[in-house]
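Below: one structure, written as structure tokens.
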Amino acid sequence: MKLRNAFSILLLVAVLATACAPAATEVPVATDAPAAAATEKPADVATEAPAAATEVPVTAGWTFPTEDITIEIWWHEYGPFTAYMEEMIPKYMELHPNITVNVTKVSSADLNQKLSAAIATGTGPDILDQDASYYVQYYEKGVLEPLNLDVWGVDSYDDIINTYLPGGAEAGIFDGKIYALPYQGNSMSLWISNKLFEAAGLDPVADAPKTWEDMISICPQLKIVDGNVTVQKAFDFPYHSARWQLQQFQPITEQFGGQLLSADGKTAAINSPAAVNALTLWKRVTDACGDPQTTMNTGSNPNQDFIDGRLAMWITGPWATPQISASEFVGDQFTVVGLPQVDPANPHTMVYGWEWAVNADRPEINKQVAWDFIKYVLASPEEWLAKAGFVQPVKGLLDTETAKTFPFLAAHMKDVETATWYLRSANVNEISLAVGAAIESVVYDNADPQAALDAAQAEVENVLK
């Protein structure tokens, strides 16, 4: 579904989105180097004494428990996100000394697999962190606990939904109830290296491509090849992650007037004429602008080529702002513009997010405290933007001082104006792998786009049966 203008004004980020190597367990989010899951008490990790905690009032309909309770939370590892959570958790435990919050941090590549296995054996955490596209799978398995209205202090789910921009809470709503809430929503826009553009005699604003044909036209000025070695790429699509590939293939297919999956998730159109046109364009852009064989991007470091100055243009989310701004080569020398279009008069973009949810298979008191914790950590959207680079799609955020000074936030938000949510399906991994395989067979092996997508369609149809 298309998100309305108000939401466009606010769903940002994705640093993290990122993703990982194309495996059935990957998720689109930037993470630090994958490591074995690490469990710890965040209070032991805090590097500074936390500022005084601010209480979120307990409402009249619910009394906070007095007995000692331990809740477990799992999240995907990503530097700024982890740092902010490790700041918030000690504050929460300061407010509630009877509560212990234990943390398990998992690489985004492993998170879905580990969560699914733990939930299946009854050992899952109280609080789940996951890419929004996975929650339909968890909902269908009965894993999710609906949001506790008493803990939230409201009379209805609409009371919460109305605090979000139109469409902002939609990814976590099933059958009229809220089962997950976003701590970030991510647009995917075009980033330009000012240094590389200027070195080629181009202006990063005036010469920024508005269409894919514009991009193909300027790529020869930016791509540098020494013999048979590509020294600098003008632009490249992602090849470190099938989920990232689907993130970028989906809006191009929609730009050609197609949909990869029906609204009910039961019918695929992976090999539609629009999808074939999208893959044909993908190959043309790659031939003119990129070189997938030279990428240093990984699931843990999806923006590495751009950060290191090997890539003049790259599509990523606003979440990447802290990471890219801190890099030695790029620093603040970047420009963000809208996602290139097939027809700028009829634009289509994509948005995805990460959300918190509560495990239904936990003791009732744990579930109540878990929802209270989620309420607490979501209560400061301006801090999420300032410290993690994440945008909560809530009303009023754009009026804050942090939002007004966040680099190119308006460009990111404009791309949300015509955004469609990233595919929500219990089979999103299988779909992304099938699409990714089709893309790579065309790019690497010069396969026919129609034939490659016919094979992907057959795979997806088999999965959806």
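Apart from one condition, G167 fits all of (1) over 21 Å from D361 (Cα atoms); (2) in contact (Cβ under 8 Å) with a residue 40 or more places away in the chain; (3) in a helix (DSSP H, G or I); the exception is (3). Within the stretch 351-391, restricting attention to residues that are touching a Leu at 6+ places or on another chain (Cβ under 8 Å) and under 30 Å from G258 (Cα atoms), the residue that is surrounded by the fewest Cβ atoms within 10 Å (Cβ to Cβ) is E355.
Within the set V416, V435, V428, the sole residue that is within 26 Å of P344 (Cα to Cα), at pLDDT 85 or above and either crowded, with 21+ Cβ neighbours inside 10 Å or out of contact with any Leu (no Cβ under 6 Å at 6 or more places or on another chain) (or both) turns out to be V435.
Give the stretch 351-408 a look and list any residue that's in a helix (DSSP H, G or I), basic (K, R), more than 20 Å from the chain's Cα centre (by Cα) and assigned by TED's automatic domain parsing to the domain that holds W152, or say none. Those that are in a helix (DSSP H, G or I), basic (K, R), more than 20 Å from the chain's Cα centre (by Cα) and assigned by TED's automatic domain parsing to the domain that holds W152: K367, K375. The residues of the stretch 181-217 that are touching a strand residue (DSSP E or B) at 6+ places or on another chain (Cβ under 7 Å), of a type in the set (A, V, I, L, M) and modelled with pLDDT of 95 or more, listed by number, are L181, L190, I192, L196, V205, A208, M215.
Filter the stretch 227-238 down to residues that are crowded, with 21+ Cβ neighbours inside 10 Å and either assigned to a strand (DSSP E or B) or not assigned by TED's automatic domain parsing to the domain that holds F306 (or both) and give me whichever is nearest to the chain's Cα centre (by Cα). It comes out as F235.
Can you list residue pairs whose Cβ atoms sit under 9 Å apart, with the first residue in the stretch 83-95 being at pLDDT below 95 and the second being surrounded by fewer than 18 Cβ atoms within 10 Å (Cβ to Cβ) and outside any helix (DSSP H, G or I)? Count only pairs 6 or more apart in sequence or on different chains. Taking only residues 6 or more apart or on different chains, the pairs are A83/T47. With the structure loaded, tell me whether Q250 is in contact with a strand residue (DSSP E or B) (Cβ under 6 Å, 6 or more places away or on another chain), assigned by TED's automatic domain parsing to the domain that holds V435, under 17 Å from M350 (Cβ atoms) and surrounded by 22 or more Cβ atoms within 10 Å (Cβ to Cβ) or whether it fails that test. For Q250, the condition - in contact with a strand residue (DSSP E or B) (Cβ under 6 Å, 6 or more places away or on another chain), assigned by TED's automatic domain parsing to the domain that holds V435, under 17 Å from M350 (Cβ atoms) and surrounded by 22 or more Cβ atoms within 10 Å (Cβ to Cβ) - is met.
If the condition is being in contact with a Gly (Cβ under 7 Å, 6 or more places away or on another chain) and of a type in the set (K, R), then the stretch 230-284 contributes only K233.
Conditions tested, residue by residue: (1) of a type in the set (G, A, S); (2) surrounded by fewer than 18 Cβ atoms within 10 Å (Cβ to Cβ); (3) in contact with a Pro (Cβ under 9 Å, 6 or more places away or on another chain); (4) not in a loop (DSSP other than H, G, I, E, B).
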site: D159; (1), (2), (3), (4): no, yes, no, yes
site: I192; (1), (2), (3), (4): no, no, yes, yes
site: F197; (1), (2), (3), (4): no, no, yes, yes
site: D203; (1), (2), (3), (4): no, yes, no, no
site: A206; (1), (2), (3), (4): yes, yes, no, no
site: V225; (1), (2), (3), (4): no, yes, no, yes
site: H240; (1), (2), (3), (4): no, no, yes, no
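Within the stretch 442-458, the residues that satisfy the criterion of being part of a helix (DSSP H, G or I) and surrounded by fewer than 19 Cβ atoms within 10 Å (Cβ to Cβ) are Y444, D445, Q450, A451, D454, A455, A458. When the stretch 140-157 is filtered for residues that are surrounded by 20 or more Cβ atoms within 10 Å (Cβ to Cβ) and part of a helix (DSSP H, G or I), the ones remaining, listed by number, are V151, W152.
Residues that are among the aromatic types (F, W, Y), in a helix (DSSP H, G or I) and closer than 20 Å to T349 by Cα within the stretch 279-325 comprise W282, W319, listed in sequence order.
The values are calculated or read from the model by the stated rules, or taken from the named source; none is laboratory data. What you see is a predicted model; the values in this text were computed from it and never measured. Positions of Cβ are generated from backbone atoms using ideal geometry, with glycine treated the same way; all protein chains shown enter the neighbour counts.
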